[in-house]
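Reading through the structure tokens given below for one structure.
The values are calculated or read from the model by the stated rules, or taken from the named source; none is laboratory data. The shown structure was predicted, so the numbers you read here are calculated from the model rather than taken from an experiment. Cβ sites come from the backbone with ideal geometry, for glycine too, and all protein chains shown count toward neighbours.
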Protein chains: 2
Amino acid sequence: MQNELLALQQQLVPDLLTMMKKRYRILHHLFLTQPIGRRALAQQLQTTERILRAEVDFLKEQGLLTIETVGMHLTDAGKTLLDELADVIHEIEGLGKKERRLADFLGLQKVCIVPGDADLDPLVKKALGHAAADYVRSILRAGDILAVTGGTTVATLAEQMPKTQLGIEVAPARGGIGENMEFQANTIASRLAAQLGGTYRLLHAPDLMSDEALQSFISEPHVQETLQRIRRARMVVHGIGQAIPMARRRNLPEAKIDQLAGQGAIAEAFGYYFDRSGNIVHAMNTVGLRLSDLKHIERIVAVAGGKSKAEAISAVAHGCPINVLVTDEAVADAILENRREEPNR
Amino acid sequence: MQNELLALQQQLVPDLLTMMKKRYRILHHLFLTQPIGRRALAQQLQTTERILRAEVDFLKEQGLLTIETVGMHLTDAGKTLLDELADVIHEIEGLGKKERRLADFLGLQKVCIVPGDADLDPLVKKALGHAAADYVRSILRAGDILAVTGGTTVATLAEQMPKTQLGIEVAPARGGIGENMEFQANTIASRLAAQLGGTYRLLHAPDLMSDEALQSFISEPHVQETLQRIRRARMVVHGIGQAIPMARRRNLPEAKIDQLAGQGAIAEAFGYYFDRSGNIVHAMNTVGLRLSDLKHIERIVAVAGGKSKAEAISAVAHGCPINVLVTDEAVADAILENRREEPNR
DNA sequence: CATATGCGGGACATTGCGTGACCCACGAAG
DNA sequence: CTTCGTGGGTCACGCAATGTCCCGCATATG
């Protein structure tokens, strides 16, 4: 077991393990920001140029990165090493343990944690997307239908998804909401389909509409068809939002927002608002995947990070039949911290 | 697989393995020579006092050794670490591979190799004894009969055997030969029995005697009984000697020695002399375990090291039904080296 | 086209740490 | 008692790691 070896090395050469982490961090950061120069990288990694330079010289010597006029790039060997190293660093940092504890606490099948706090460092969100993309890709099989919601985090996943030729059908789980095109479920679906070498469907509908409009809308044949595809998805990937900021982004009336706040709404997912215990306090009149559809879907993957979302994530985990959660360390720590206090209440 | 981790580390922090080996070497040497002081240890490890001091300070900080006025000692944590580390170092040094190759070539069940050359460094012999003791102890079960021959190497084994309460019966496989009491089979048997928490029998007999004397001697009831115990041993541990030096130590007449040399005698074990192909060229009129008894014994362990004995060890391995060989790296290298030349002859 | 920015790489002074070379006090052993 | 080996302290030296620049160049930008 490699864990034993790491334990031995922790005793015998602790500073070299530190060195290993340091170099891994450089490679990893480089991977996320390439191409990038010495100075900029040094600043982002909170180290001096000279120190980074020494490390970079070494890593170049090892053939793990190339130095060009535009900046530094990882070589294929560097990427391979990074992948293989990820698990090791995971264990060294104790993330594996946290994942198991969090999965146990939230009753999930699996939890993936990336180091850092997506609120503080935008690269953590990128790493989050990468980790989620890795996981999704490891599960997907040719011919699967994959449903995705919108949001910046899921958009990052699509961006980080490596090119493959899997032949997946990607469908948006939600209609459009009134914000940036870039983060719409439709946009993400098309992007993901491009990366995965598959096809995609679109749900040309506003996310929110009146009852009558909704009824007539969903009886449209092509909408019906898309909705049926969505409901037959094998896997759905969705984000988790904070209730109030989300309501604001949807331009809900102030009165409605106040009402939600009064009901203790703290989290949002799939158009549903949850209080901290996971109870649904409000369901939007939404087109797309409903909560009741989820139980027919094999694998439900939630992706969200940033300490500010910790409570929301915990709430949705209790209220939604999630299988897998991909999040960051700040969230994991916050939830596990709260857990200790809960039993006393 | 831990090998993968080592490969990764080799790329990312090449110093790590070097440093690990260095510190392992210090701990190992300290284990074999404790209590010992800074200066003496530095000299033996071919390093400077100041360097060793830095390492020792670190290892002390890690709680792996204690520093007292009499010198340094390993702590229990240090011993544990050393044990666990042994396998890792084994693989790093490629000894595991050599063991498998040598076992394959000599047709043995198992080979254990310790680094170094017992001819050059007396501590290697000690390590040899330690490794052999470790192996023997791992096999022994309560109630077993263990037969041992004489010799300095087997004596070292007895010395290195940790105290246990196994309840073993130890019997000398040979009578006494005319040399130092310390290395007699009888002495070793009693010592081993003390360490293993068992009983022992003695074979009060000269190793070499005339036919008539031998006949009358082995008909003595208590000798008979001891001999029967010996032949029912589950395990026998024996040394391997070079033919001519051994003959000299036994004070054989010069004429006999010349005759042995003429017959190509190169190795000695159990009182038999072998040529390089493993043919018996001379059998002494010996009391104790005969070659023909060996086939009834479950596990036959040979312990011998030092490059000068390489040919002898190879010869005995071919001529004797040995199961397990514990030797040093110099021997292994020499035998494996010769192997490449043999097919061409 | 000219300018500005960020890139890699070179250069150099400085400093800080590893290291060598001692010292002493002490306890054990002869 | 002397002698040896022990740990621990100290200090100066030297080199390597580091901080701090600079330059030439490619690219983006106006």
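Does B:G78 satisfy the criteria of being out of contact with any Lys or Arg (no Cβ under 8 Å at 6 or more places or on another chain), closer than 27 Å to A:L16 by Cα and touching a residue at least 12 places away in the same chain (Cβ under 8 Å)? It would help to see each step written out before you state the result.
Working: out of contact with any Lys or Arg (no Cβ under 8 Å at 6 or more places or on another chain): yes; closer than 27 Å to A:L16 by Cα: yes; touching a residue at least 12 places away in the same chain (Cβ under 8 Å): yes.
Criteria met by B:G78.
For the condition outside the structural domain of A:A127 (by TED's automatic domain parsing), more than 10 Å from DNA strand D (Cβ to nearest atom), modelled with pLDDT of 90 or more and among the aliphatic types (A, V, I, L, M), what is the one hit in A:L65, A:L41?
A:L65
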Extreme residue, farthest from the other protein chains (Cβ to nearest Cβ), among residues of the stretch A:7-30 that are over 32 Å from the mean Cα position of the chain (by Cα) and surrounded by 21 or more Cβ atoms within 10 Å (Cβ to Cβ): A:Q9
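Do we find that A:V88 is closer than 30 Å to A:E311 by Cα, part of a helix (DSSP H, G or I) and within 14 Å of chain B (Cβ to nearest Cβ) in this structure? Even if it seems obvious, please write down each step before you answer.
Values: closer than 30 Å to A:E311 by Cα: yes; part of a helix (DSSP H, G or I): yes; within 14 Å of chain B (Cβ to nearest Cβ): yes.
Yes.
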Residue match in the stretch A:35-52 (condition: surrounded by 15 or more Cβ atoms within 10 Å (Cβ to Cβ), away from DNA strand C (no atom under 12 Å from the Cβ) and more than 10 Å from chain B (Cβ to nearest Cβ)): yes
Residue within the stretch A:241-254 that is under 30 Å from A:G143 (Cβ atoms) and β-branched (V, I, T) present: no
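Assigned to a helix (DSSP H, G or I), more than 16 Å from DNA strand D (Cβ to nearest atom) and of a type in the set (S, T, Y): is that true of B:T156 in this structure?
Working: assigned to a helix (DSSP H, G or I): yes; more than 16 Å from DNA strand D (Cβ to nearest atom): yes; of a type in the set (S, T, Y): yes.
Yes: the conditions hold for B:T156.
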